[in-house]
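Trainee: Pasting in a structure now, in structure tokens, and then I'll have a few things to ask.
Since every read-out is calculated from the coordinates, none of them should be taken as a lab result. All figures in this text were calculated on a predicted structure; none of them were measured in a lab. No Cβ is skipped: glycine too gets one built from the backbone with ideal geometry, and neighbour counts run over all protein chains shown.
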Amino acid sequence: MKKLVTSSHDILPYETRHADLVRALAPECMVLLKNDGTLPLREPCRLALYGGGARRTVKGGTGSGDVNVRRFVNVEEGLEAAGFEITTKRWLDAYDAVVSDAKERFFGELRQEAKALGVNPLIYGMGRMAPDPEYDFPLDGEGDTAVYVLSRISGEGADRTAAAGDIALTAGEVRDILALREKYRRFVLVLNTGGMVDLTPVRDVGTVLSMGQLGSASGDALADVLLGRAYPSGKLTMTWAPLDAYPSTAGFGDPDDTDYREGVYVGYRYFDTANVPVAVPFGFGLGYSFFDLGEPTAELTGTQVRVTVPVSNAGGFKGREVVQVYVSAPEGRIPKPMQELRGFAKTPELAPGESCEVKITFDAVSMASFDPSRTCWVLEEGDYILRVGTSSRDTRIAGILRLSGEAVTRRVRSIVEKPGFEDMVLPARKLTPAERAQADAAPVIELAPEFIPCREVRPSGRPEELPLGERRAWVDVMEGRATAEEFAAGLTDPELAKLCAGDYRESDDILEIIGNASSTVAGAAGETSGKLRSLGLPTAVMADGPAGLRLSREYKNVDGRLRGSTPLQGDNLLLYDPEERATMLAAGGDDGLPEYYQHCTAMPIGTCVAQSWNEELAEKLGDMMGEEMELFGVHIWLAPALNIQRSPLCGRDFEYYSEDPLVSGVTAAAVTRGVQAHSGRYTTIKHFACNNQETNRYFSNSRLSERALREIYLRGFEECLRRSAPGFVMSSYNLLNGEHTCTSPRLLTGFLRDECCFGGVVMTDWLVTGGMGRRGSKWPCASAAGNVKAGNDITMPGMPGDIADMMEALGDDGHPYHITRADLGRCAVRVLRALRAINLVDGDMA
Ligand code: BGC
């Protein structure tokens, strides 16, 4: 039973504990890009603080990933609390004022446009950002030390752009940063961004710290790092390069069809193979110390490769290093990236002069490539070169695994049709003379192909019939007198269909449905079906992620309906007329009803969590989420999100972990383990799959080869499923080679269930069956019957039309997604099993 908090004044012990945890972990998520000796500052001082993120610090992005916290510590507050005297209050006030005006104007115009078009302003304005206004205030802060906090925000519904104020710096930012660098003896550029910015015009700045977006304790954590009370130990999980250099930039964001022509050459796989200069390599990050990597050794047991690397702290400050193992596979019939990350490990904290040994283990089978011509995974004959280092551009050859013949490691069934183009092919990169010398001196380990096992995947057949059986009550299942199958057998076809859709709130107001569809937890995104309450069947509550629990901060119970504040926070409010705002905020204001509070903790955004390269850290944050889920009565967290960061232009990259599937999968698995350590709480890995742009997100078609799909875009999900057992998977909005992912049997049943052995529940992303209208899109909406047929168990958030669609498709041979009672039963049983595992009985909810 969740507890109700009725006072907004008292800070509860868990809030302080969780903010402290975020503060303690956040430094590991920050990436020190450059340091000319300015950092750490060591003592608080008179500080000239500038930049858009100084006071208006961004704690995370917008949209469903935004967490409605009671408060969070911005940079100005954090630095002041740490003892800095801020000498630029006038600059900060002036900046604040111009931004407020600019936002009022920008969102006011959107409000008018929405009105003229007769559409909901919240939907119309989703993902839109007010451009940074022009300003030129004197840079007259006193002291000899300056910090400039550059910030960017993005979120669902819109992609980033190359323009100034987004990927590029504005003229004003460049002007001020360069002037500050000249004016102050010590100058630090801090990046409060969720992803890449192009720092070319300010490349001469000597100290650059990417603090990222760190949630509740952002400012405190930054102060700790600036002062050397903590040290940064994060490393980039995406390559930063000029936008035009990414092969994904051309053609990015087409509303209808986006061709992933670069194939497997995503991120460093491209830059390192094509030998293109980058701004900051994948895996790079400095600390306050530096580390020596000793002579690595490699050994093989069965197919497990173990690399051991001595690491010593050779600098004057404590710190942690991340050791990365890349493998260059041999040139063969299948073109291969120059190298791919196969394992990594972070040292414990090492004091100056202290050493340790890190051990990195991976399965040689993970080095296989997908051969589309034979639909199998194959290790081609030849030398697999092991490289050990501290970024993709700083490695040395540590050994060679020599495979004396080809080994097929897995035979599978095809998942997608051909995309209609051939993937880009890059010539293999030759070893440099220095690498050749290292390779010649490196130990060679023989790998015998005959001893590499080959897995065959057995496709599941048609679902078993579900004859109509005896009517059972849910309590029979909970008390062991009936199975989920027996309970399902007692349900009529319409009842089964109801279980295969979420619990829609019957409301004409889209605000009630978008990210706020739950009727038992205010501001939660949805629930499983509540239509079988007569049989005692309870509902399970789902809430976003991924940077915390997204709930209404405050709410009232008005005649059984929870009236929460979720859509009315931050810039969203500006999408309403001032009078409207006042009415909405005061809704039920003086009605004497008690107000309830849900104070959630914002954790660092996905990218920052991954940048720690620390599974233990990710697990601790997951554990914190699990605790808040228990507190607020949420059973299913709609996170982690682990789409591949294919392009820095994707508006939701900040929610995602990496351009690399191994980093993505390992991080998602650790978060999952943390959450699911709490009995009856589950994660939902999303958005499955290839949701790599926001433009026209409900109807954009990602076109790619099966090889790129498997080696890059599904691989992270597969890694996560191998290392943890998330209870739920959310299919994505987009289509994949012309078919909605949510209605793809080959993806959801063939790959996810048969190949990856996923036994949990699949749900759709919200309103994919048409709740938002088609707005002239080339592609059709998805169908709820199609979802069922594909093995997608719950259509979310669940609209009356979804159930009608299922009922029409039932028994109608002519329906494009003809389904049977057995199809419905298969999905319904999985939902029931999940509810059983969550261990809910009716009346459990507050
Ligand atoms: C987002 C999902 C989110 C869902 C529920 C969708 O618009 O794409 O990531 O979990 O809404 O809020």
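Trainee: Which far-off residues, 5 or more places away or on another chain, put their amide H under 5 Å from the one on residue 155, with H placed in the peptide plane?
Mentor: Those lying under 5 Å, H to H, from residue 155 are 62.
Trainee: Also: When a/c reaches 1.5 or more, the comparison of a/b and b/c decides; with that in mind, is region 736-785 rounded, prolate or oblate per its Cα gyration tensor?
Mentor: Prolate is the answer for region 736-785, as a/c is 1.5 or above and a/b outweighs b/c.
Trainee: For n ≥ 4 DSSP H runs only, could you compute -39500 (n - 2.57) per run for the chain, divide by its residues and tell me the 222 nm figure to the nearest 500?
Mentor: Value at 222 nm, helices only: -7000 deg cm²/dmol.
Trainee: Enumerate the amide H contacts of residue 549 below 5 Å, restricted to partners 5 or more residues apart or on another chain; note that Pro and chain-start residues carry no placed amide H.
Mentor: For residue 549, whose amide H was placed from the backbone, the distant partners under 5 Å are 601.
Trainee: Along region 736-742, what does the Karplus equation 6.51 cos²θ - 1.76 cosθ + 1.60 (θ = phi - 60°) give for ³J(HN,Hα), rounded to whole Hz, x for Gly and Pro?
Mentor: Each residue's phi maps through the Karplus curve to give 10, 6, x, 10, 4, 4, 6 Hz.
Trainee: Using alpha-carbon positions, what is the distance between the centroids of region 712-770 and region 120-198, in Å?
Mentor: 37
Trainee: Where the centre of each part is set by its Cα atoms, how far does region 302-333 sit from region 642-685, in angstrom?
Mentor: Cα centres, region 302-333 to region 642-685: 23 Å.
Trainee: Sticking with this structure for a sec: Of the listed peptides 462-470, 764-772, 776-784, 223-231, what is their order by residue-averaged count of other C-beta atoms within 10 Å, with the highest listed first?
Mentor: Averaged packing, sorted descending, gives the order 764-772, 223-231, 776-784, 462-470.
Trainee: To continue, here is another question. Along the charge dipole of the chain, which of 724, 45, 125 sits closest to the positive end, that is, farthest toward it, with unit charges on the beta carbon of Lys, Arg, Asp and Glu (+1, +1, -1, -1)?
Mentor: Of the candidates, 724 comes out farthest on the positive side.
Trainee: Of all DSSP beta bridges in the chain, what percent run antiparallel (nearest 5)?
Mentor: Of the beta bridges lying entirely in the chain, close to 60 percent run antiparallel.
Trainee: Rounded to the nearest Å, what's the spacing between the alpha carbon centres of region 231-266 and region 45-116? Just the number, please.
Mentor: Result: 29 Å between the Cα centres.
Trainee: Could you sort out which of 34/336; 59/115; 235/346; 498/778; 346/686 sit more than 20 Å apart by Cα distance in this structure?
Mentor: Checking Cα-Cα distances, 34/336; 59/115; 498/778; 346/686 exceed 20 Å.
Trainee: Report, as a whole number in µm² per second, the diffusion coefficient that Stokes-Einstein gives for region 416-555 at 25 °C and 0.890 mPa s using the Kirkwood radius over alpha carbon pairs.
Mentor: 113
Trainee: To continue, here is another question. Enter the mean projected area of the convex hull around the alpha-carbon atoms of region 604-681, in nm², rounded to one decimal.
Mentor: 4.8
Trainee: Hey, how much of the P(r) for the chain falls beyond 47 Å, as a percent of Cα pairs?
Mentor: For the chain, the fraction of Cα-Cα distances above 47 Å is 21 percent.
Trainee: Another one. Rank-order 64-70, 576-582 by packing density, defined as the average count of other C-beta atoms within 10 Å over each peptide's residues, highest first.
Mentor: The peptides rank, most packed first, as 64-70, 576-582.
Trainee: Could you work out the Kirkwood radius for region 208-250, taking every pair of different alpha carbons, averaging 1/r and inverting it, reported in Å?
Mentor: After inverting the mean inverse Cα-Cα distance, the result is 12.7 Å.
Trainee: May I pose another question? Hey, what do the phi angles of region 95-105 turn into as Karplus ³J(HN,Hα) couplings, whole Hz, using 6.51/-1.76/1.60 and θ = phi - 60°, x for Gly and Pro?
Mentor: 4, 3, 5, 5, 5, 4, 4, 4, 5, 4, 5
Trainee: Would you mind putting 690-699, 786-795, 242-251 in packing order, based on average other-beta-carbon counts within 10 Å, highest first?
Mentor: Descending packing order for the listed peptides: 786-795, 690-699, 242-251.
Trainee: How far is it, in nm, from the label point at residue 357 to the one at residue 559 when both lie 7 Å from their Cα along the line to the Cβ?
Mentor: Roughly 7.2 nm, to one decimal.
Trainee: Return the percentage of antiparallel bridges among DSSP beta bridges fully within region 540-692, rounded to the nearest 5 %.
Mentor: So the antiparallel bridges amount to about 55 percent of the total.
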